[in-house]
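Heads up, the thing below is written out as structure tokens.
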Amino acid sequence: MSFRPVFEAHPWDAVQASIYAKTAADVERALAAPRRTLDDFKALVSPAAAPYLEQMAQLSHRLTRRRFGNTMQLYVPLYLSNECQNICTYCGFSLDNKLKRRTLSSVEMLAEAAVLKGWGYDHVLLVTGEANQTVGVDYLEKALKTLRPHFAHLSMEVQPLDQADYERLIPQGLNTVLVYQETYHQADYKTHHPKGKKSNFYYRLDTPDRLGRAGIHKMGLGVLIGLEDWRTDCFYTALHLDYLEKTYWQTKYSLSFPRLRPAEGLLQPKVEMSDRELVQLICAYRLLNEEVELSLSTRETPAFRDQAIKLGITSISAGSKTNPGGYAVEPESLEQFEISDERSPADIAAMLRRQGYEPVWKDWDAALA
Amino acid sequence: MTTQPLVIADRTFTSRLFTGTGKFSSSALMEEALLASGSELVTVALKRVDVADADDDILRHLHHSQLHLLPNTSGVRTAREAVFAAQLAREALETNWLKLEIHPDPKYLLPDPVETLKAAEELVKLGFVVLPYVHADPVLCKRLEAVGVAAVMPLGAPIGSNKGLLTKEFLEIIIGQSKVPVVVDAGIGAPSHAAAALEMGADAVLVNTAIAVAGQPVAMAHAFKMAVEAGRLAYEARLAAPVAHEAVASSPLTAFLD
């Protein structure tokens, strides 16, 4: 059992055509439905929904508050390594990019962790590139063991692993894994990932299934917005989520919607998504799924984030550095991508409080796993 | 006018409104709302507090002599995890009271009856005062009573849904046959729902989302306080029976008796 047959039953061109064929009547039906379907989601991300944005935003705000209350989870990435054997056309850590490669030792990880703890963080996201010789499963296991005593919740955004590897890491304190498909457009995926293990589209597509079978607590999905038509790509994310929720019903899910940011010497987005469109997507995800966590990173600007948090978002990062050692060990090294919101975690927490949200630093406990 | 106190295990409660600590826009507001609610039992998720931190933001706002803590195991998926979390909570929060909640389904947070029964039996043996969160399942409630739980906490509707007493028919059966107090937990979205639960004989209700997410949480907490008091008073005063049918002039089935 895997997502592949579900995916293959939905050819890209047909999905795209059906989204663009949606009408105002379809959108109104979707808005009025007590429980929305994937077909309703198509209407909500379609161009036909643009005039209904305020209505979508109000609904999304209400549903999010009812489920998540007046709270916002805070997390921060901790980059462990920028070594990578893949070529990804949009990524600063791509193999063909000339930059100093660095992988943190345990001592350095703890130095970075101390800064994050000092800011109040209890949920951290560990990030690496894909370099199996240096940052393989042994390294990840060591990182989890090193950091487990210091944080309540550990997430990981690294290369896709085999099921047995996940089964090995989960007991070491791995709570959440983020694995973004980047794009569900198969031909385009090949263009953007010409070399390295990542070029295998289906190995990546099957990763959430391997995580589900391994019994992961939470997983995060998403596409990199800018590579392909976002409406169609995000429909596949929704389709994937729907399949996963039904198959691995004990797992929690979160969605992200990173917009491609300029990085050192790399491609510009093929498709630009406006702020209005990003809001439309956030609201459409919420209207489809009232329980899913929606996460917004520091890729977005302060002005956008301050407003968007009310529209369906449930977790945000703050103070992020996207270079290994960026917090303490080697702050001057090259970043994976540029951060747009450089405000400190304390500033973000104050902004949240001003808007009537309680910043939540801890919502898990190592004792629960 | 006072109503009968509620006794659970070794503790007597004047207030039949139990509350939660999640979803408030600040801990200070939570504190103010809880005080306005008159609640004497407040559930707190182990995962949300830092038990190693003496100055934890949630816990320090709950330091009032009338507010007894009811740690909950939210987040656990199995009996084994629940027992472990319960022991940690007992040690850290210095109470053997426990709201046992095991919901392996993170979407609707519906309780797992099999794991809950298993964990309840073990926790009672370990000396806990166990209040399990369960479906409105009358048989399960009797099974839990048999293993020694201090109360049962059946749901009115899915947690956080504010939909009210959707399980009314089953709650009535549970209330009718329970030998331990029945606390309606989850789904209560308005003071009228809470009043209805008490009127039908529930011993208490637990309310969180409906207060925390209200426009004015403190005022809403007070509204719930009054509703729960009114509901209980009405229950004790015995409601007048509703008029079922209009009187009929002729009696076709019983006229032969005249």
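A few remarks follow.
- Annotation note: Cβ proximity below 9 Å between a residue of region A:342-369 that is more than 7 Å from every other protein chain (Cβ to nearest Cβ) and a residue that is of a type in the set (Asp, Glu) (sequence gap 6+ or interchain) occurs for A:Ile348/A:Asp341; A:Met351/A:Asp306; A:Leu352/A:Glu358; A:Gln355/A:Asp306; A:Trp361/A:Asp122; A:Trp361/B:Asp50; A:Trp361/B:Asp57; A:Ala369/B:Glu81.
- Top-ranked residue in region B:10-37 [being surrounded by fewer than 22 Cβ atoms within 10 Å (Cβ to Cβ) and either within 15 Å of the chain's Cα centre (by Cα) or of a type in the set (Val, Ile, Thr) (or both); ranked as farthest from the other protein chains (Cβ to nearest Cβ)]: B:Thr12
- Yes/no for B:Ser65 being of a type in the set (Gly, Ala, Ser), farther than 17 Å from B:Leu131 by Cβ, surrounded by fewer than 16 Cβ atoms within 10 Å (Cβ to Cβ) and away from chain A (no Cβ under 14 Å): yes
One line per residue, one yes/no per condition, for (1) part of a helix (DSSP H, G or I); (2) not acidic (Asp, Glu):
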{"site": "A:Asp13", "(1), (2)": "yes, no"}
{"site": "A:Arg36", "(1), (2)": "no, yes"}
{"site": "A:Asp39", "(1), (2)": "yes, no"}
{"site": "A:Ala50", "(1), (2)": "yes, yes"}
{"site": "A:Leu53", "(1), (2)": "yes, yes"}
{"site": "A:Leu63", "(1), (2)": "yes, yes"}
{"site": "A:Arg67", "(1), (2)": "yes, yes"}
{"site": "A:Met72", "(1), (2)": "no, yes"}
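- Scanning region B:43-59 for residues that are more than 14 Å from chain A (Cβ to nearest Cβ) and surrounded by fewer than 20 Cβ atoms within 10 Å (Cβ to Cβ) returns a single hit, B:Ala54.
- Of all residues making up region A:282-332, the number that are assigned to a strand (DSSP E or B) and at positive phi: 0
- Pairs with Cβ under 8 Å, 6+ apart, first in region B:56-81 and closer than 26 Å to B:Phe13 by Cβ, second small (Gly, Ala, Ser) and surrounded by fewer than 18 Cβ atoms within 10 Å (Cβ to Cβ): B:Ile58/B:Ser27; B:Arg60/B:Ser27; B:His61/B:Ser27; B:His61/B:Ala28
- Against the list (1) under 17 Å from A:Asp365 (Cα atoms); (2) facing chain A (nearest Cβ under 9 Å), the condition B:Ala79 fails is (2).
Here's the yes/no breakdown for (1) aliphatic (A, V, I, L, M); (2) away from chain A (no Cβ under 14 Å); (3) more than 19 Å from B:His103 (Cβ to Cβ):
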residue	(1), (2), (3)
B:Glu121	no, yes, no
B:Val124	yes, yes, yes
B:Val129	yes, yes, yes
B:Leu140	yes, yes, no
B:Val180	yes, yes, yes
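- Region B:82-103, residues that are hydrophobic (A, V, I, L, M, F, W, C), under 18 Å from the mean Cα position of the chain (by Cα) and more than 12 Å from every other protein chain (Cβ to nearest Cβ): B:Trp97, B:Leu98, B:Leu100
- Residue in region A:68-81 that is out of contact with any Ser or Thr (no Cβ under 9 Å at 6 or more places or on another chain) and of a type outside the set (A, V, I, L, M, F, W, C) present: no
- Scanning region A:202-228 for residues that are buried (at least 19 other Cβ atoms within 10 Å of the Cβ) and within 28 Å of A:Glu300 (Cα to Cα) yields a total of 15.
- Out of A:Tyr90, A:Tyr75, sole residue that is away from every other protein chain (no Cβ under 14 Å), buried (at least 20 other Cβ atoms within 10 Å of the Cβ) and out of contact with any strand residue (DSSP E or B) (no Cβ under 8 Å at 6 or more places or on another chain): A:Tyr90
- Of all the listed residues (A:Thr251, A:Thr237), the sole one being under 23 Å from A:Tyr75 (Cβ atoms), within 14 Å of chain B (Cβ to nearest Cβ) and crowded, with 18+ Cβ neighbours inside 10 Å is A:Thr251.
- Residue match in region B:65-74 (condition: among the small types (Gly, Ala, Ser), part of a helix (DSSP H, G or I) and at negative phi): no
- Condition check for A:Thr37: surrounded by fewer than 16 Cβ atoms within 10 Å (Cβ to Cβ), within 21 Å of the chain's Cα centre (by Cα), modelled with pLDDT under 95 and not charged (D, E, K, R): no
- Reported count of residues in region A:352-363, each being outside any loop (DSSP other than H, G, I, E, B) and either hydroxyl-bearing (Ser, Thr, Tyr) or in contact with a strand residue (DSSP E or B) (Cβ under 9 Å, 6 or more places away or on another chain) (or both), is 5.
The values are calculated or read from the model by the stated rules, or taken from the named source; none is laboratory data. What you are looking at is a predicted structure, and each value in this text was computed from that prediction instead of being measured. Don't worry about glycine lacking a Cβ; one is built from the backbone with ideal geometry, like all the others, and counts go over all protein chains shown.
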